[in-house]
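Novice: After the structure tokens below, expect a handful of questions from me.
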Amino acid sequence: MSKKIVIVGAGIAGLAACSELMKTGFDTEILEACNHPGGRAWSKEMLGIPFGCGASWIHGNTNNPIALLATQFHANVVSVDPEKFMTLDQHGQLISPEVIKQFNRKFDLLLTKSKKLAYQSQEDIALEKALSQYINSESFSSIELALLKKKLRFFEEYIGDSYEFLSARHWDQEESWPGDHCFLTSSYQPIINGLSKNCPIKYNTVVKKIKLHKNNVEVITENNTYSADAVILTLPLGVFKKNTVIFDPPLPACKQDAIDNLGMGLFNITAIKFPFSFWPKHVHAMFLAQMDNPPISTFFNLHHFIKEPILIGYSGGDNARRLETYSDKTIIDNIMRNFEKLFGHGIPAPTDYVNTRWSLNPFSYGSYSYLKTGSSPTDYDMMAQSVSDRLFFAGEATSSKFSATTHGAYLSGIREATKIKDIFR
Ligand SMILES: Cc1cc2nc3c(=O)[nH]c(=O)nc-3n(C[C@H](O)[C@H](O)[C@H](O)COP(=O)(O)OP(=O)(O)OC[C@H]3O[C@@H](n4cnc5c(N)ncnc54)[C@H](O)[C@@H]3O)c2cc1C
């Protein structure tokens, strides 16, 4: 009789694991809390486009398994060119690319020194602590100070938390693939549809408890108990941190330590549609280097790629947490007030907008994992360790090489399915 494998979560990791196991005849079923697949790569038709509520990018398109899936499932992908980014100062004036390049070289040097300092210290230190020492002894022009402020916000927008929480030794551990960073104008939906097509998924099924026995595992939901030979858990790190799923017996102490050590970052998307574009249409992205803390300082320009007058804004870390305390309307009003400062009062009012709030999502409690001060890539390895060859763990937060990404999630699903095939075949 074929072995029964239950997978918790129909995000990319769960879908990858399920597809892989089904190829070799395992009796596989996914239990998913939401009424749709995709998890943090979920998309929905909004603003008249397929809108990615979570992942929308492929980080490096050469040999990246997600780029291969995009081709296989006919997703629309555009390459984004950093040479076509535009940075504005607080008066809405363009900062010259030469000034930016020069500043970036200076800043990268400070980052290298900070990492070295962290390794010379007895234990890991926060990136802020390391970096501040060098920042304080450098001199910066006023334009460089504005660029510095933007750079420091970059940590929030990219990693999902402020540099005061990041490990100075490991914050940049996450790897991309070679090649271009690409945006999916079709959203991830074609990939999610393609991966989930043949997977048996029970939607609206929230797992509450996992009971590990000697010869099987019980997965307990509100209305049912599922018995399986093995279970793959793809729960986001935020869900583990909140203890909303009970483990009987409790997870091993080393796994619980890894859950505590790693950080769960916050990254949100605020997309705004206008009747027409009032910003330069040819730029791929627009960055705002302002001293006065704009609500959102990074915007991706969809107009260039699909001729829709839509700006996609990104916020992260403390700033995103602060914005989440405001209503959608207040967030948009704040952004518009800032745009008026930069582009003048003649700009049109938005016709529609979308705003995500990932920290409030009870099935992720945040956006993606990161290496907090004191944690290390081995914490990710610990997250991936199986328990008694019955409980297996996949998902972005189990990938020491590719955490926080869709490719990390995908490969982790294949990794756990392969382990199960080796053990149970
Ligand atoms: C705003 C945002 C932007 C991002 N941008 C990018 C990007 O551009 N490129 C990139 O590579 N990555 C990006 N990421 C990260 C990427 O989306 C994730 O790393 C990846 O999708 C995680 O997949 P996963 O399968 O590990 O987890 P998930 O997709 O979170 O899947 C876990 C599933 O488990 C379900 N679940 C949770 N709790 C329960 C429960 N108790 N019972 C049953 N089911 C449960 C959830 O509903 C979910 O469907 C972004 C993430 C966010 C939030």
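Nothing in this text is a laboratory measurement; each read-out follows from the coordinates by a stated rule. Quick caveat, the model's predicted, so the values are computed rather than measured. Neighbour counts run over all protein chains shown; Cβ positions are idealised from the backbone, glycine included.
Novice: What's the local net charge at residue 3, with K and R +1, D and E -1, over the other residues with C-beta under 9 Å away?
Specialist: Cβ neighbours under 9 Å give a net charge of 0.
Novice: Sum up the charges of everything whose Cβ sits under 14 Å from the Cβ of residue 38, counting Lys and Arg as +1 and Asp and Glu as -1, but leave residue 38 out.
Specialist: 0
Novice: Taking a point 7 angstrom from the Cα of residue 306 along the C-beta vector, which residues in the stretch 271-289 have backbone N less than 13 Å away?
Specialist: 271-273
Novice: Right, here's the next one. Could you tell me which of rounded, prolate or oblate describes the stretch 59-214, using a ≥ b ≥ c as the square roots of the eigenvalues of the alpha-carbon gyration tensor, with rounded for a/c under 1.5 and, failing that, prolate when a/b is larger than b/c and oblate otherwise?
Specialist: Here the stretch 59-214 falls in the oblate category.
Novice: State the antiparallel share, in %, of DSSP beta bridges confined to the chain, rounding to the nearest 5.
Specialist: Close to 70 percent.
Novice: Sticking with this structure for a sec: Taking the Cβ of residue 13 as the center, what net charge do the other residues with Cβ under 13 Å away carry, scoring Lys and Arg +1 and Asp and Glu -1?
Specialist: On the way: positive: 40, 415; negative: 20, 32, 396, 416.
So the environment of residue 13 carries a net charge of -2.
Novice: Charges at C-beta only: +1 for Lys and Arg, -1 for Asp and Glu. How large is the resulting dipole of the stretch 255-312 about its Cα centre, in Debye rounded to 20? Numbers along the way, then the final one.
Specialist: Values: 4 positive and 4 negative charges, 70 e Å.
Magnitude of the dipole: close to 340 debye.
Novice: Which of the lysines could be linked to residue 341 by a straight reach, that is with a Cα gap under 22 Å, when you skip same-chain ones fewer than 8 residues away?
Specialist: 149, 150, 151, 273, 281, 329
Novice: Right, another one. Okay, helix-only estimate at 222 nm for the chain: each DSSP H run of n ≥ 4 adds -39500 (n - 2.57), divide by all residues, round to 500 deg cm²/dmol; what do you get?
Specialist: -11000 deg cm²/dmol
Novice: By its C-alpha gyration tensor, with a ≥ b ≥ c as the square roots of the eigenvalues, how is the stretch 162-269 shaped: rounded for a/c under 1.5, else prolate for a/b larger than b/c, else oblate?
Specialist: Details: a/c = 2.31, a/b = 1.26, b/c = 1.84.
Oblate, since a/c reaches 1.5 and b/c is not below a/b.
Novice: In addition: State, as an integer percentage, the relative contact order of the stretch 306-419 based on alpha-carbon contacts under 8 Å between residues 6 or more apart.
Specialist: 14 percent
Novice: Also, quick follow-up: Run the numbers on the chain and let me know its relative contact order in percent, using alpha-carbon pairs under 8 Å that are six or more apart. Numbers along the way, then the final one.
Specialist: Values: 899 pairs, mean separation 107.5, N = 425.
Across the chain, relative contact order equals 25 percent.
Novice: So which lysines can residue 202 reach, going by Cα to Cα under 18 Å and dropping same-chain residues fewer than 8 places off?
Specialist: Partners within reach: 4.
Novice: Residue 11's amide H: which non-local residues (gap 5+, or another chain) put their own amide H closer than 5 Å, with H modeled 1.01 Å from N in plane and none for Pro or chain starts?
Specialist: Amide H neighbours of residue 11, under 5 Å, 5+ apart: 38.
Novice: Relative contact order for the stretch 79-194: what percent, with Cα pairs under 8 Å and sequence separation of 6 or more?
Specialist: With pairs under 8 Å counted, the relative contact order is 32 percent.
Novice: Another one. Determine, for each peptide in 125-135, 340-350, 324-334, 282-292, the mean count of other beta carbons within 10 angstrom over its residues, then list the peptides with the highest first.
Specialist: Details: 125-135: 19.9, 340-350: 12.6, 324-334: 14.2, 282-292: 17.7.
Sorting 125-135, 340-350, 324-334, 282-292 by mean packing, highest first, produces 125-135, 282-292, 324-334, 340-350.
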